[in-house]
Amino acid sequence: MPAEELVIARPEGLYCPPGDFYIDPWRPVARAVITHAHSDHARVGHGHYLAHEHSAGTLRARLGEITLQTLPYGEAIVHHGVRISLHPAGHVLGSAQVRLEHAGRVWVASGDYKTEPDGTCTPFEPVPCDTFITESTFGLPIYRWPSQPALFEEIDGWWRANAAQGRASVLLCYAFGKAQRILHGVDAAIGPIVVHGAVEPLNAVYRAAGVALPPTLRVTDPGVDAALLKRSLVLAPPSAQGTPWMRRFGHYSDAFASGWMQLRGTRRRRGVDRGFVMSDHADWPGLQQAIAGTGAERVYVTHGSVAVMVRWLAESGLDARAFHTEYGDEDLEPVAAASPDPGLPPVGEGDKAAT
């Protein structure tokens with residue numbers, strides 16, 4: 001193995017041989033550096049976890065009691081001669097790129113990242129390195145996100161129109177990251193905001209970290225009645241679609257917030273009224289911007305449109321390769337990923353499936 005190979009692929013995950021630790025491993029290991037708390041990157045069973053300090057709340061909420069060491073952005077520790085530091089990834093609260101320095105070589109494992117600031121987490125910062133490990137979830141030229149102001153003008157307009165017609169606006173979105181971005185960005189003066197039981201504990205973590213979110217309600221809170229719900233924006237995970245919990249909202253309008261809404265036909269397959277193009281991953285221009293910003297001569301691509309990205313980077317003159325990983329996209333996680341809401345309403349009239 002060449003001396004400069006600071007990260008290699010093993011069955012357990014991405015491994016740093018000189019440091020004897022893994023980055024976002026998918027099988028239990030002794031020591032794991034975690035880029036963020038989404039379940040495809042942060043899994044149970046590791047002996048020791050290292051993550052950014054703002055990930056502590058979400059990691060413990062999702063994984064239970066773990067041995068966790070945290071760092072602020074930019075502060076370095078040395079483990080077995082490898083200098084490790086964490087740097088902003090702009091993906092979700094506490095998301096980090098992992099910078100590794102050893103024997104004169106610098107590698108950066110980016111985890112998942114987004115280059116446009118959204119106000120709910122520290123914005124992405126390019127970290128100069130020799131080798132950059134990048135995702136490519138949306139690594140095709142078709143994926144280009146609307147600006148933050150344009151996105152929220154669209155969401156606010158949909159909510160406002162529904163409220164005027166006396167219909168709840170049910171927006172399906174991932175409970176960690178996307179839901180908090182929506183809360184931070186919408187015009188809360190339009191009406192009340194109701195959230196699913198999978199969303200509210202994560203809102204508390206964001207608020208504790210100083211992120212400004214408007215007041216939110218649960219369907220079981222006092223004063224939440226049919227009249228209030230008809231004016232409300234409702235945030236729920238995709239797994240809530242078609243469940244008895246949805247029946248409380250009567251004749252509602254629903255929508256799905258995801259980068260996959262860029263593709264024609266996705267909204268129809270999801271069975272929703274509207275689709276909003278919104279992702280916590282970088283789009284095609286963002287990926288190119290991030291990679292160029294590192295100055296890396298070698299790039300490893302981990303998941304998503306790997307073959308396309310590797311080919312494009314190679315044609316651009318970089319040494320491009322691929323790591324096979326088990327990472328995915330949080331929008332596509334199974335139903336079990338969402339925690340149950342204890343306030344399930346009784347089965348009754350108003351089931352949208354029947355409207």
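The values are calculated or read from the model by the stated rules, or taken from the named source; none is laboratory data. Fair warning: this is a prediction, and the values are worked out from it, not measured in the lab. No Cβ is skipped: glycine too gets one built from the backbone with ideal geometry, and neighbour counts run over all protein chains shown.
For residue 144, the test of being touching an Asp or Glu at 6+ places or on another chain (Cβ under 7 Å) and farther than 26 Å from residue 55 by Cβ is passed.
Just one of the listed residues (51, 30, 42, 61) is under 22 Å from residue 174 (Cβ atoms) and surrounded by fewer than 18 Cβ atoms within 10 Å (Cβ to Cβ), and it is 61. Can you pull out the residues in the stretch 174-187 that are surrounded by fewer than 23 Cβ atoms within 10 Å (Cβ to Cβ) and in a loop (DSSP other than H, G, I, E, B)? Within the stretch 174-187, 186, 187 qualify. Taking the criterion of being aliphatic (A, V, I, L, M) and touching a residue at least 60 places away in the same chain (Cβ under 8 Å), the residues of the stretch 237-274 that qualify are 240, 246, 255, 257, 263, 272.
Within the stretch 1-27, the set of residues being buried (at least 19 other Cβ atoms within 10 Å of the Cβ) and on the phi > 0 side of the Ramachandran plot comprises 13, 24. Of the residues making up the stretch 129-140, those that are under 13 Å from residue 313 (Cα atoms) and part of a loop (DSSP other than H, G, I, E, B) are 139, 140. Exactly one residue out of 12, 65, 75 is of a type in the set (Asp, Glu) and in contact with a Pro (Cβ under 9 Å, 6 or more places away or on another chain): that is 12.
Listed by first and then second residue, the pairs linking a residue in the stretch 113-137 that is more than 17 Å from residue 85 (Cβ to Cβ) and in contact (Cβ under 8 Å) with a residue 60 or more places away in the chain to a residue that is surrounded by 24 or more Cβ atoms within 10 Å (Cβ to Cβ) and hydroxyl-bearing (Ser, Thr, Tyr), with Cβ atoms under 6 Å apart and 6 or more places separating them unless they lie on different chains, are 134/110; 135/302.
Of the residues 167, 105, 144, the single one that is closer than 30 Å to residue 253 by Cβ, surrounded by fewer than 17 Cβ atoms within 10 Å (Cβ to Cβ) and in contact (Cβ under 8 Å) with a residue 12 or more places away in the chain is 144. Tallying residues that are part of a loop (DSSP other than H, G, I, E, B) and in contact with a His (Cβ under 7 Å, 6 or more places away or on another chain) within the stretch 90-117 yields 9. The set of residues in the stretch 9-68 being polar (S, T, N, Q), under 19 Å from the mean Cα position of the chain (by Cα) and in a loop (DSSP other than H, G, I, E, B) consists of 35, 39. Tell me whether the stretch 230-252 contains one or more residues that are outside the structural domain of residue 37 (by TED's automatic domain parsing), in a loop (DSSP other than H, G, I, E, B), in contact with a His (Cβ under 7 Å, 6 or more places away or on another chain) and within 30 Å of residue 95 (Cβ to Cβ). Yes, there is a match, as at least one residue in the stretch 230-252 is outside the structural domain of residue 37 (by TED's automatic domain parsing), in a loop (DSSP other than H, G, I, E, B), in contact with a His (Cβ under 7 Å, 6 or more places away or on another chain) and within 30 Å of residue 95 (Cβ to Cβ). Considered as a group, the residues in the stretch 204-229 that are of a type in the set (Gly, Ala, Ser) and in a loop (DSSP other than H, G, I, E, B) include one that is farthest from the chain's Cα centre (by Cα), and that residue is 223. When the stretch 69-89 is limited to residues that are touching a residue at least 60 places away in the same chain (Cβ under 8 Å) and in a strand (DSSP E or B), the one that is surrounded by the fewest Cβ atoms within 10 Å (Cβ to Cβ) turns out to be 79.
Apart from one condition, residue 157 fits all of (1) surrounded by fewer than 16 Cβ atoms within 10 Å (Cβ to Cβ); (2) more than 25 Å from residue 15 (Cβ to Cβ); (3) touching a residue at least 24 places away in the same chain (Cβ under 8 Å); the exception is (3).
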